[in-house]
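The structure appears below as C-alpha cells.
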Amino acid sequence: MTDWQELEHKYLMNVFKRLPVTIVRGKGVWVWDDRGKEYLDFVGGWAVNVLGHSHPAMVKALTKQARELIHVSNQFYTVPQVQLAELLVKNSCLDRVFFCNSGAEASEGAVKLARRYGKLNLKGAYEVITATKSFHGRTLAMTAATGQPHFQEPYIPLPEGFVNVEFDNLDVVKKATTGKTCAVMLEPIQGEGGVNVPSADYLKGIRGWCTERNIVLILDEVQTGVGRTGKLFAYEHYGIEPDIMTLAKGLGGGFPIGAILAKQKFSVFGPGEHGSTFGGNPLACATGYAVFKYILDNDIVGNCCRVGQYLFDSLEKLRSKYDFIVDIRGKGLLVAVEFSSEIADAVVRGCLDKGLLLNMVKPNAVRFMPPLIIGRREVDEALGILEKVLSRKSS
Ligand SMILES: Cc1ncc(COP(=O)(O)O)c(C=O)c1O
C-alpha cells in the first residue's frame, strides 16, 4: 500500500500540521481514509463543505458545467458569473459583486476597494483598522491585517496601513480613527481566533461610528457567511449592514471561489483597477450558484439554526458533567468548546481514533463546523464519541 504521508513529507512544503489520516472519499457528513475507516466530519473542510461531501446538487452542477464550458477569460461575458452575482445581490444588502478565488484574496481585494474609496472620497485616507485575534488570510497584506502576532512575526516588515486594536471594544476603534483611516475591517464572529462572539451592541456601535466618520465598514464573512451562523450572513444577527462584505469558504461548498460584495456607493473600482484570471470562472460560479440555490430552496439556514441550538444545548449538558469545560461559544454551526487546560490536541486525536473529525482552534479549545445539512442523530453520535474521550480525561 502506498505510504502517501511519507510521500507528502518528501514532496510538499511543510506548512500544515496534519493529522495522520489520508482521506480518499466523502459522502454527506462522512469521509473514509485509505484504509477504509470511516469518520464523522465535524471539520467540514474548515467551514467549507456546507452541503457535506459530494452533494448531488453540486455534482450535477459541476458535471453539467464541465461539459459546457470550464474556463474562459474575463475578457468575455459568461452566464454563471452573472447568475451567481444576481443571486447574491438579491439575497443580501449589497449591490455589486467581484469574484475571486479564496478568502484572503477577497479580503485583500476589499481593502483595495476601501483604499480606492479613500483616494477618491477621503483625501487619500488608506489606513484600515482591524481587530486583535482576527484572521483575514495569508497574503502579506492580510497577514498585516490579521491581529495575531504569531502570524506576523516571521514576515516583518509587513505592508503598512493596518492598525490592530482590541476586538469587541468600540472605544479603541474610535481612538485609533484618524484622518488617515479609510475603513474598519472585522469578522462579525471571529472564527480562527477561537470563535469569539462580540457583545450584542459592538457591531452596531462600529456601524454607527463608520457612518459618522464616513469611513467604510468591511465585514469579513469568509467563515461566517452562507448560512454558517444560522443566518444567511452573520451581519443579520446584529441589525446592521456592512458597506463591503467578503465571502469564500461555504460559497462554493468545496469548489474554490471568493467574492467581494459592495454597496453601490462603495463599488468604486474602475475598469482595469482590479482583476483575476480565474475569478468568476464558469465552473466555480455554476457550482456556487447550485450550492446557494440549494441552501435557499431547502431551508438549510433554518436547519443550521435548529441543529446548531441542539448542538449547543447538548454541549451544555456535557459542561455540567465535566468541570474542565469552561466555555461554549458560537452561533449556528460554528461553535467552540474551551477547556481549562491545553488538552485540545489530545481531545482531537482521541476523537480521530474513535471516528470523529474535530478541529483544534486553540491549544485549549476545539471547534465544530460540520456541514449545515447535519441532523440531531449526527450530533448525538459526535458528542457520544467526544464524551468517551472526555470521560477518559477526567478519570
Ligand atoms: C474570516 C476569514 N477570512 C479570511 C480567511 C482566509 O481564507 P482563505 O484560506 O480561503 O484564503 C479565513 C480562513 O480561515 C477566514 O476565516
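The values are calculated or read from the model by the stated rules, or taken from the named source; none is laboratory data. All figures in this text were calculated on a predicted structure; none of them were measured in a lab. Cβ sites come from the backbone with ideal geometry, for glycine too, and all protein chains shown count toward neighbours.
Residue pairs, Cβ under 6 Å, 6 or more apart or interchain, first in region 102-115 and within 19 Å of Trp46 (Cβ to Cβ), second polar (S, T, N, Q) and within 11 Å of the ligand (Cβ to nearest atom). List them.
Listed by first residue and then by second, the contacts come to Ala104/Thr139; Ala106/Thr246; Ser107/Thr246; Glu108/Thr139.
Checking Phe151 against (1) out of contact with any helix residue (DSSP H, G or I) (no Cβ under 7 Å at 6 or more places or on another chain); (2) under 21 Å from Glu105 (Cβ atoms); (3) within 16 Å of the ligand (Cβ to nearest atom); (4) modelled with pLDDT of 95 or more, which test does it fail?
Only one criterion is unmet by Phe151, namely (1).
Quick check on region 179-206: of everything there that is within 10 Å of the ligand (Cβ to nearest atom) and in a loop (DSSP other than H, G, I, E, B), which residue is nearest to Gly109 (Cα to Cα)?
The residue in question is Glu187.
Please go through (1) free of Cβ contacts under 8 Å to residues at least 24 places away in the same chain; (2) surrounded by 12 or more Cβ atoms within 10 Å (Cβ to Cβ); (3) not in a loop (DSSP other than H, G, I, E, B) for Gly26 and return the number of the only condition it doesn't satisfy.
Here Gly26 meets the rest and fails (1).
Which one is nearest to Ala259 (Cα to Cα) among residues in region 121-148 that are assigned to a strand (DSSP E or B) and within 13 Å of the ligand (Cβ to nearest atom)? So that I can check it myself, show each step before the final result.
Filtering region 121-148 for residues assigned to a strand (DSSP E or B) gives 127-132, 147.
Applying the additional criterion that residues be within 13 Å of the ligand (Cβ to nearest atom) yields 130-131, 147.
On the way: Thr130: 19, Ala131: 21, Gly147: 22 Å.
Looking at residues that are assigned to a strand (DSSP E or B) and within 13 Å of the ligand (Cβ to nearest atom), I get Thr130.
Considering only region 210-217, I want to know if a residue exists there that is under 20 Å from Lys331 (Cα atoms), more than 11 Å from the ligand (Cβ to nearest atom) and modelled with pLDDT of 95 or more.
No - not one qualifying residue is present in region 210-217.
Please go through region 1-43 and give me each residue that is more than 26 Å from Val337 (Cα to Cα) and among the aromatic types (Phe, Trp, Tyr), ordered by number.
Result: Trp4, Tyr11.
Looking at Gly225, Gly270, Gly230, which is the one that is assigned to a loop (DSSP other than H, G, I, E, B), within 16 Å of the ligand (Cβ to nearest atom) and either modelled with pLDDT of 95 or more or not aliphatic (A, V, I, L, M) (or both)?
On the way: Gly270 fails: within 16 Å of the ligand (Cβ to nearest atom); Gly230 fails: within 16 Å of the ligand (Cβ to nearest atom).
Checking each option against the conditions leaves just Gly225.
When only residues in region 230-282 that are basic (Lys, Arg) and under 30 Å from Arg306 (Cβ atoms) count, which is surrounded by the most Cβ atoms within 10 Å (Cβ to Cβ)?
Here is the first cut: in region 230-282, the ones basic (Lys, Arg) are 231, 249, 263, 265.
Right, trim to under 30 Å from Arg306 (Cβ atoms) and you get 231, 249.
Values: Lys231: 19, Lys249: 29.
Filtering region 230-282 for residues that are basic (Lys, Arg) and under 30 Å from Arg306 (Cβ atoms), the one surrounded by the most Cβ atoms within 10 Å (Cβ to Cβ) comes out as Lys249.
Residues in region 99-120: is at least one in contact with a strand residue (DSSP E or B) (Cβ under 7 Å, 6 or more places away or on another chain), assigned to a loop (DSSP other than H, G, I, E, B) and surrounded by 14 or more Cβ atoms within 10 Å (Cβ to Cβ)?
Checking region 99-120: at least one residue is in contact with a strand residue (DSSP E or B) (Cβ under 7 Å, 6 or more places away or on another chain), assigned to a loop (DSSP other than H, G, I, E, B) and surrounded by 14 or more Cβ atoms within 10 Å (Cβ to Cβ).
Considering only region 276-359, give the helices (runs of 4 or more DSSP H) lying wholly within it that have at least 3 residues that are under 23 Å from the mean Cα position of the chain (by Cα) and touching a residue at least 60 places away in the same chain (Cβ under 8 Å). It would help to see each step written out before you state the result.
Numbers: elements: 282-297, 300-321, 344-353.
Those helices (runs of 4 or more DSSP H) span 282-297, 300-321.
Which pairs turn up if I take residues in region 371-395 that are over 14 Å from Arg319 (Cα atoms) and look for partners that are of a type in the set (Phe, Trp, Tyr) with beta carbon separation below 8 Å, at least 6 apart in sequence or on another chain?
Pairs that qualify, where the first residue is over 14 Å from Arg319 (Cα atoms) and the partner is of a type in the set (Phe, Trp, Tyr), are Arg376/Tyr310; Val379/Tyr310; Ala382/Phe42; Ala382/Phe368.
Quick test for you: out of Leu7, Leu51, pick the one residue that is surrounded by 19 or more Cβ atoms within 10 Å (Cβ to Cβ) and more than 24 Å from Arg138 (Cβ to Cβ).
Values: Leu7 fails: surrounded by 19 or more Cβ atoms within 10 Å (Cβ to Cβ).
The match here is Leu51.
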